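Just so it is clear, none of the values below were taken in a lab; they were calculated from the coordinates. Computed from a prediction, not measured in an experiment: that's the story for all the values here. So basically every Cβ, Gly included, is an ideal-geometry build from the backbone, and we count neighbours across all protein chains shown.
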Amino acid sequence: MTNRTHGKADSLSKQYDSVLSIDYKDRYSVISECDIIISATSSPHYTITRDMLEKNIINYKKRIIVDLAVPRDIDLAVEKLSGIEYFNMDNLKITVDKNIDKRLLEVSKAEKIIEKFLVEYERWYEVRNVFPVKKDVRKYVENLVDQRLEEGFLKLESCNKEDREVMQGLIKGVANEIMNKFVYSVKECGSVDDVSTYFKCLNSVINDEWERVLL
């Protein structure tokens, strides 16, 4: 670390063991050892010029030079030297702006994902609210199946108890499977309002049927 006022750099080097303080006039003597060079002063002239940097670089390797000063501390021509990757406030701002644009694009994507899952959650919640109707429908279907089977069994004199139980199990299984597919289709394909409407209509139909049975 170097500073035009040596006392400031020296105080930091005493505070932190990893900081080595160099006199400002000797900065070029150690610059070849640096992998990253950052300059941020209010100097009216360049703190690093291309000519001096080129003269003092012994080993050519990839180096990053960052100029945080306004006006610039470092000669813009240094970026033409081999292995130098140069950044200043102008191109850093461009990079920041690009990153902001990318983030805004990601925000837009995130909003669409959230909106999608919100719709799915609302649909799930609505279906959850109509689970009692689903149970009523299943009960209605099972009773209807039992009623129709009993009517059929009366006409089948050779049908024993075991045969009846097998037939009841198969037909009730088919009825429940159809009901489950119906509920799943409504949940996946319908809007939240559609789900509510479908089950209200279904509930109304079932209640009407029960009233007819009771009468």
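A Förster radius of 30 Å, combined with the Cβ-Cβ distance separating Val30 from Lys80, puts the computed FRET efficiency at roughly 0.85. Label-to-label distance for Tyr125 and Asp17 is 5.8 nm, based on points extended 7 Å past Cα in the beta-carbon direction. Could you list the residues of region 39-63 with an amide nitrogen less than 13 Å from a label point located 7 Å from the Cα of Arg4 in the Cα-to-C-beta direction? The answer is 40-48, whose backbone nitrogens lie closer than 13 Å to the label point. Measuring against 29 Å, Cα to Cα, the residue pairs Lys61/Lys102; Lys139/Lys161; Lys55/Lys102; Lys172/Lys200; Lys116/Lys200; Lys25/Lys80 contain Lys61/Lys102; Lys55/Lys102 as the ones spanning a longer distance. As a proxy for reagent exposure, Ser185, Ser43 were ordered by neighbouring Cβ count within 10 angstrom, fewest first; the result is Ser185, Ser43. Using θ = phi - 60° in the Karplus curve 6.51 cos²θ - 1.76 cosθ + 1.60, the 3J(HN,Hα) couplings for region 38-50 round to 10, 10, 8, 10, 10, 5, x, 10, 5, 8, 9, 10, 5 Hz; x is entered for Gly and Pro.
A straight chain from Arg103 to Thr41 at 0.36 nm per residue would run longer than the Cα-Cα distance by 19.2 nm.
Quick one: in region 1-119, what % of C-alpha pairs are over 16 Å apart?
Working: 4830 of 7021 pairs.
Cα-Cα pairs in region 1-119 separated by more than 16 Å: 69 percent.
Computed from backbone phi, the HN-Hα couplings of region 165-172 come to 5, 5, 5, 4, x, 5, 5, 5 Hz, rounded to whole numbers (Karplus: 6.51 cos²θ - 1.76 cosθ + 1.60, θ = phi - 60°; Gly and Pro given as x).
Listed by Cβ neighbour count within 10 Å, with the fewest neighbours leading, Leu81, Leu202 appear as Leu81, Leu202. Which percent of the Cα-Cα distances in region 89-174 go past 14 Å? In whole percent, the share of Cα-Cα pairs in region 89-174 beyond 14 Å is 78.
Remark: Arg4, Arg63 ranked as Arg4, Arg63, counting other beta-carbon atoms within 10 Å and listing the fewest first.
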